[in-house]
Amino acid sequence: MTDVDRWLFLTVDGLSRGAVYAAFALALVLIWRGARIVNFAQGAMAVATTYAAYSVTAATGSYWLGFATALVGGLLLGAAVERTVMRFVAHTAPLNAVIVALGLVLLLQAVLGMVYGNEFRPIETPFTRDAIVVGGVSLVSRYDLFVFGAVVVLVAVLAALFTRTEMGLRMRAAAFAPEVSRLLGVKVAGMLTLGWALAAAVGALAGMLVIPTELGLHPNAMDLVFVSSFTAAVVGGLDSPPGAVVGGLAVGLVLSYVSGYLGSDLTPIAALALLLAVLLIRPGGLFSGIATRQV
């Protein structure tokens with residue numbers, strides 16, 4: 001493989017993985033915009049919904065029925081977490097929600113380990129992962145194209161929801177001006193629950209897309225993905241959905257190049273270095289707005 005062929009392969013692979021990071025980063029951005037909380041339990045919630053899809057697929061033999069189960073399960077799990085746990089967390093101290101979310105991670109991983117065990121379980125994919133060879137160079141697989149398509153549809157649906165529908169406008173108003181929204185008759189609590197449900201469904205989609213490309217399904221399967229996706233969200237700006245998409249693709253490319261040229265052992269260090277660089281140079285993210293200076 002020539003240097004150009006290797007670079008092309010790593011670029012396509014990085015964009016494919018970055019698309020998944022972008023989807024998961026969007027889930028983190030949805031929660032942050034709606035509740036000003038970084039949901040550290042997002043990865044564990046995604047794994048839980050993927051296990052539900054695994055069980056349904058094993059029982060019925062239908063991947064798509066399992067896929068739909070994961071998305072619906074994400075909606076229900078996100079709403080349940082907000083209604084039964086996060087709603088009662090005092091938000092006067094930012095660490096309260098972080099501690100509760102980390103506790104939820106431990107609880108979900110322990111329950112999944114007791115029910116399914118701690119061995120890696122293979123997850124089937126709807127399309128082959130064998131790369132399509134063009135001009136002697138292995139490029140994307142049909143599954144990679146499915147990942148790209150799913151993320152593009154997700155971004156389009158979320159953009160239409162928040163800019164073209166009354167429900168989306170109510171959610172945005174409830175997130176940015178809750179007191180004013182209440183005076184205007186918006187049910188802020190319901191909008192917050194809907195935001196958590198949507199974010200969990202997006203996380204479930206990301207889990208279904210990325211876990212088959214890893215070692216397999218495991219209670220801790222999304223831990224490293226969460227770190228990379230959180231980095232993507234911070235790089236793009238936690239308040240910016242377009243930034244999450246660009247950040248996810250950028251992180252995917254950086255990690256792919258580091259893994260391909262320097263070794264896979266350095267990818268966690270590369271993710272940390274990228275995160276630190278953005279926090280030092282532009283803490284609000286590359287797509288954050290310019291803060292107004294008050295005098």
Single unsatisfied condition, V115 versus (1) under 17 Å from A52 (Cα atoms); (2) open to solvent by less than 70 Å² (accessible area, probe 1.4 Å): (2)
Output for the stretch 137-186, where each listed residue is surrounded by fewer than 16 Cβ atoms within 10 Å (Cβ to Cβ), farther than 18 Å from V20 by Cβ, among the hydrophobic types (A, V, I, L, M, F, W, C) and under 23 Å from the mean Cα position of the chain (by Cα): A159, A160, L161, M167, L169, F176
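Listed here are the residues, each with its yes/no results for (1) within 21 Å of the chain's Cα centre (by Cα); (2) in contact (Cβ under 8 Å) with a residue 60 or more places away in the chain; (3) exposed (fewer than 15 other Cβ atoms within 10 Å of the Cβ).
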{"position": "T50", "(1), (2), (3)": "yes, yes, no"}
{"position": "T57", "(1), (2), (3)": "no, yes, no"}
{"position": "G61", "(1), (2), (3)": "no, no, yes"}
{"position": "G74", "(1), (2), (3)": "yes, yes, no"}
{"position": "P94", "(1), (2), (3)": "no, no, yes"}
{"position": "A97", "(1), (2), (3)": "yes, yes, no"}
{"position": "L106", "(1), (2), (3)": "yes, no, yes"}
{"position": "Q109", "(1), (2), (3)": "yes, yes, no"}
R17 farther than 20 Å from A174 by Cβ, of a type in the set (D, E, K, R), in contact (Cβ under 8 Å) with a residue 40 or more places away in the chain and crowded, with 23+ Cβ neighbours inside 10 Å: yes
Residues of the stretch 216-266 satisfying the condition of being open to solvent by less than 60 Å² (accessible area, probe 1.4 Å), among the hydrophobic types (A, V, I, L, M, F, W, C) and free of Cβ contacts under 8 Å to residues at least 24 places away in the same chain: V258
Test for I31: is it within 25 Å of V105 (Cβ to Cβ), outside any helix (DSSP H, G or I) and among the hydrophobic types (A, V, I, L, M, F, W, C): no
Residues satisfying the stated conditions in the stretch 273-284, i.e. open to solvent by 70 Å² or more (accessible area, probe 1.4 Å), in a helix (DSSP H, G or I) and without any contact (Cβ under 8 Å) to a residue 40 or more places away in the chain: L276, L280, I281
Which numbered condition F88 misses (of (1) touching a Phe, Trp or Tyr at 6+ places or on another chain (Cβ under 7 Å); (2) among the aromatic types (F, W, Y); (3) free of Cβ contacts under 8 Å to residues at least 40 places away in the same chain): (1)
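How many residues are of a type outside the set (V, I, T) and within 12 Å of the chain's Cα centre (by Cα) if we restrict to the stretch 213-228?
Going through the stretch 213-228, the residues of a type outside the set (V, I, T) turn out to be 214-224, 226, 228.
Now restrict to residues that are within 12 Å of the chain's Cα centre (by Cα): 222-224, 226, 228.
Total satisfying the criteria: 5.
Would you confirm, using the coordinates I've provided, whether L255 is modelled with pLDDT under 90, assigned to a helix (DSSP H, G or I) and within 29 Å of F120 (Cα to Cα)?
No: the conditions fail for L255.
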Hits in the stretch 118-133 - residues which are open to solvent by 70 Å² or more (accessible area, probe 1.4 Å) and not in a strand (DSSP E or B): N118, E119, F120, P122, E124, F127, R129, D130
Filter pass, A201 being among the small types (G, A, S), open to solvent by 40 Å² or more (accessible area, probe 1.4 Å) and closer than 30 Å to L65 by Cβ: no
Filtered residue count, the stretch 206-215, keeping only those that are open to solvent by 20 Å² or more (accessible area, probe 1.4 Å) and touching a residue at least 40 places away in the same chain (Cβ under 8 Å): 2
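The values are calculated or read from the model by the stated rules, or taken from the named source; none is laboratory data. This one's a predicted model, so the numbers in the text were calculated from it and none came from an experiment. All Cβ positions, even for glycine, are placed from backbone atoms using ideal geometry, and neighbour counts span all protein chains on display. Side chains included, ligands, DNA and RNA excluded: accessible areas come from the protein's heavy atoms. Shrake-Rupley method; radii C 1.70, N 1.55, O 1.52, S 1.80 Å.
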